[in-house]
Amino acid sequence: MKNINSTFSIPSSWLLVFSCWVIATTATLTSLFFSEIVQLPVCVLCWYQRIAMYPLVLMLPLALFPFDAKIIRYAGVLTFFGGLIALFHVLLVAGYIPESAQPCVADISCSQTHLNLFGWLNMPMMSLFTFALIGKLLFYANTKTKRGYLE
Amino acid sequence: MQTLKLNEATLNKKILFLSTTVVLSLIFFAAISLFQTQQVSKGNELVNNNLSALTRIGAPTKGAADAKVTIVEFFDPACETCAKFYPLVNNIIKKYQGKVKVEMRYTPFHQGSEQVVKLLEAAHLQGKFWPALEILFAKQSFWTYNHVAKSNQALQLLSPLPLNQQQLKIDMESKQIKNIVSRDITDAKSLEVRATPQFFINGKPLANFGYKQLVQSVERAITLAY
């Protein structure tokens, strides 16, 4: 009975990885919109976060058809490092990390923000939330698979 | 039976994935076109609010004086794309003779460009703006180094022209020319010219940059005016 049910409905681990893909794609398109269409400047730290975010758009669908739970491991590493850079960036913008500690090129400052929704939601903050959310969903997906891939 | 059900689940997944892809890309392209339409109307509004800044009496022009279509080009003599567009704009004026004229405005964005712009304006006082500009654009690599303009080299290149060199040097330092150049820079700022060349066709900024787009925009203005 249980077996028949699972063939009809889509397994939750698949749906979780799929959700990660939707979030990563939305984040990628949003960042491209602001840099290419609105033409906001992109600083070095933003680029490092992009390096972690953009591959997910192509990697995750490959693991959806057919489902390959190992993707949790590969995408997890990217998400972790992207999240770390985003955290650093958020702390830099908030002023907890001194200006001299930032690895930015002279012409585009990473401590400056160009988009502020509600006065506090800027791009690095959105990036940090996105990486955190993807990480969380990947973690849930990991617990749903028989073998854990986040050892 | 088992495989049939399996296929159904896979089909559902594929439908879900593909429809999400379509929805996301539709939202993306809708956002782009919405933003661009807003930018175009904002640009038109900006020019309408600063119409006096667009054309100035005495600025160098080419083409029939009574032409109903005016291209205003904000340019920097040291800008490579401006040099590439110079023959293209000439082609447009030739092709639609009597219907199109071009007015040149100075936007010296490059380092050292302001002196070269003053040189051009001094040549303009002696009625030699266009031959001087043609030489400077054709030999741009001889007086610009790593995006820095050298006005002395530019001045030397103009020696084949029948110009009063003495007067040229005096005019370059004159208050009159200084005022004209700073007026053009202020006008460019109020019209939000951020890159050169920037074209305005009958008061409408060229929304998408490119030669084809420029020609299309000019042709549209001609059909409207004639």
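Here the condition is being more than 14 Å from every other protein chain (Cβ to nearest Cβ), in a helix (DSSP H, G or I) and either out of contact with any Lys or Arg (no Cβ under 9 Å at 6 or more places or on another chain) or not basic (Lys, Arg) (or both); of A:52, A:24, A:69, it holds for A:52 alone. Scanning the stretch A:23-60 for residues that are of a type in the set (Phe, Trp, Tyr) and free of Cβ contacts under 8 Å to residues at least 24 places away in the same chain gives A:33, A:47.
The one condition from (1) farther than 21 Å from residue B:28 by Cα; (2) at pLDDT 95 or above that residue A:54 does not meet is (1).
Of the residues making up the stretch B:29-54, those that are over 25 Å from residue A:36 (Cβ atoms) and in contact (Cβ under 8 Å) with a residue 40 or more places away in the chain number 5. Out of B:185, B:180, B:170, one residue alone is surrounded by fewer than 16 Cβ atoms within 10 Å (Cβ to Cβ) and aliphatic (A, V, I, L, M). It is B:170. Within the stretch A:10-21, being more than 7 Å from chain B (Cβ to nearest Cβ) and modelled with pLDDT under 85 holds for one residue alone: A:11.
Condition check ((1) in contact with a Cys (Cβ under 6 Å, 6 or more places away or on another chain); (2) within 17 Å of residue A:50 (Cβ to Cβ); (3) in a loop (DSSP other than H, G, I, E, B); (4) modelled with pLDDT of 90 or more) across all residues:
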position: A:77; (1), (2), (3), (4): no, yes, no, yes
position: A:83; (1), (2), (3), (4): no, yes, no, yes
position: A:87; (1), (2), (3), (4): no, yes, no, yes
position: A:103; (1), (2), (3), (4): no, yes, yes, no
position: A:108; (1), (2), (3), (4): yes, yes, yes, no
position: A:127; (1), (2), (3), (4): no, yes, no, yes
position: A:130; (1), (2), (3), (4): no, yes, no, yes
position: A:150; (1), (2), (3), (4): no, no, yes, no
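Only residues that are in contact (Cβ under 8 Å) with a residue 60 or more places away in the chain and of a type outside the set (Gly, Ala, Ser): list them for the stretch B:149-189, please. Matches in the stretch B:149-189: B:178, B:180, B:181, B:183, B:184, B:185, B:186, B:187.
The values are calculated or read from the model by the stated rules, or taken from the named source; none is laboratory data. In this text the structure is predicted, and so the values were computed from the model without any measurement. Neighbour counts are summed over all protein chains in view; Cβ atoms, including those assigned to glycine, are modelled from backbone coordinates with ideal geometry.
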